[in-house]
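In what follows, a structure is listed as structure tokens, so that the remarks can point back to it.
The values are calculated or read from the model by the stated rules, or taken from the named source; none is laboratory data. Since the structure is predicted, the reported quantities are computational estimates derived from the model, not experimental observations. We place every Cβ from the backbone using ideal geometry, glycine too, and count neighbours over all the protein chains shown. Side chains included, ligands, DNA and RNA excluded: accessible areas come from the protein's heavy atoms. Shrake-Rupley method; radii C 1.70, N 1.55, O 1.52, S 1.80 Å.
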Amino acid sequence: MDILIYGYGTMAGAMVDGWLRAGMDPARITAYNPRPKNVPQDITFTTEIPDRSFDAVVLGFKPHMLGDIAPGMAGVVRGGIVLSILAGVELETLAEELPDARGWVRFMPNLAVALGKSPNALVERGLGESDRAAVTALAEDLGSAEWLPDESQFELVTALAGSGPGFVYRFIDALASAASELGLEEAQAQRLAVQMVDGAGALASASEHSPRELASRVASPGGMTQKGLDVLDDGGALEKLMTNCLAAARDRGIEMGREARKTAGKDS
Ligand SMILES: NC(=O)C1=CN([C@@H]2O[C@H](COP(=O)(O)OP(=O)(O)OC[C@H]3O[C@@H](n4cnc5c(N)ncnc54)[C@H](OP(=O)(O)O)[C@@H]3O)[C@@H](O)[C@H]2O)C=CC1
Ligand SMILES: O=C(O)[C@@H]1CCC=N1
């Protein structure tokens, strides 16, 4: 499968890093961006829209740009598979805007693709079995492939797994700032917070126990951790905060989908 990256920004660049890290032949990757970008050696880069089609085309631009950009993409997607990382943009909109493709996939990664550690949410229209297997392999090179049966929860999944690193980074930052506020040297607080989350995440991944169970294993009866957990749990504070956080992100995704349809002239 030869791949065109159409719009080489932060996320698409991280996907290329991940695929190369997983051993993909760089000759399979072409990247188009209207302005020059630093790209890994050995992939092909161009600031001109290629005049041929590709097996798969990753949409790497901003969601609201789809309506303006799609007409110029007919040639590159002809007969291929569209892999859209555009937040909020539905399969229906992709199929209407890029009708020359043979299949459309919403492929929602996060920035950990660069390390092969992203859960990648997937939902498709028009793929046969072998295309689906090929897309699964592309996702697994970047972490894992999580196919969804339909799009109904895709914005929520995007909030959790796509935006999620942003929420975790904010949590790490808050932990470090709090420790620094309470007297620890700032750089050391940040180092400790980052390494702690790294180890805790790895343990949660490897463990047979749920995160809830792991938390109670950390909290020795009558000890320090329980006192801290009591603050987070008071009135369901953390759970309420996270529910509001995910709902706000999800709802923005739904709104962005509407905006993309409007820009594409498909909605009022
Ligand atoms: N950042 C993240 O963690 C995630 C992002 N996404 C999705 O990834 C997409 C890109 O986001 P992100 O990487 O953060 O944003 P960036 O701004 O880094 O990337 C957008 C890219 O689109 C390029 N671009 C601008 N105009 C055009 C055009 N006419 N044709 C082709 N490319 C164009 C930009 O080029 P230039 O810089 O030269 O203007 C830039 O390289 C979004 O749709 C977003 O929803 C999905 C999951 C996670
Ligand atoms: O913030 C955004 O809209 C994109 C989608 C998921 C992560 N970044």
If amide H atoms are built 1.01 Å from N in the plane of the peptide, which residues on other chains or at least 5 residues away come under 5 Å of the amide H of residue 58? 4, 5, 6, 83
Enumerate the amide H contacts of residue 45 below 5 Å, restricted to partners 5 or more residues apart or on another chain; note that Pro and chain-start residues carry no placed amide H. 31
Any chance you could check the Cα centroid distance between the stretch 47-77 and the stretch 84-145 for me, in angstrom? 15 Å
At 1.4 Å probe size, with every protein chain present, just tell me what the per residue accessible area of the chain comes to in Å². 55 Å²
What's the center-to-center distance, using Cα atoms, between the stretch 219-265 and the stretch 1-43 in Å? 33 Å
To make sure I understand the rule: partners must be lysines, Cα under 17 Å from the Cα of residue 262, and not fewer than 8 residues away in the same chain. Which ones qualify? 62
Kindly provide the Kirkwood hydrodynamic radius of the chain in Å, to one decimal, from all pairs of distinct alpha carbon atoms. 20.4 Å
Hey, what angle do you get for helix 224-233 against the long axis of the chain, alpha-carbon based, 0 to 90 degrees rounded to 10? 50 degrees
Nitroxide proxy distance, nm - points 7 Å out along Cα→Cβ at residue 202 and residue 174: 2.6 nm
Rounded to a whole %, the carbon-and-sulfur portion of the accessible area of the stretch 3-150 at a 1.4 Å probe is 47 percent
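Can you pull the semi-axes for the stretch 3-150, root of five times each eigenvalue of the Cα gyration tensor, sorted largest first, whole Å? Kindly include the intermediate steps, with their values, before the conclusion.
On the way: eigenvalues 78, 75, 38 Å².
Semi-axis lengths for the stretch 3-150 are 20, 19, 14 Å.
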For the stretch 67-141, the Cα gyration tensor yields equivalent-ellipsoid semi-axes (√(5λ), largest first, whole Å) of 22, 15, 11
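Which of the GluC sites (Glu not before Pro) found in the stretch 26-126 are loop residues per DSSP with 15 or fewer other Cβ atoms within 10 Å of their Cβ?
Numbers: sites: 48, 90, 92, 96, 97, 124; in loops: 48, 90.
Here the sparse-neighbourhood loop sites are 48.
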Interchain or long-range residues, amide H under 5 Å from residue 147's placed H: 122
Rounded to 10°, Cα long-axis angle of helix 164-181 versus longest principal axis of the chain: 30 degrees
By how many degrees, 0 to 90 and rounded to 10, does the Cα axis of helix 129-141 deviate from the longest principal axis of the chain? 50 degrees
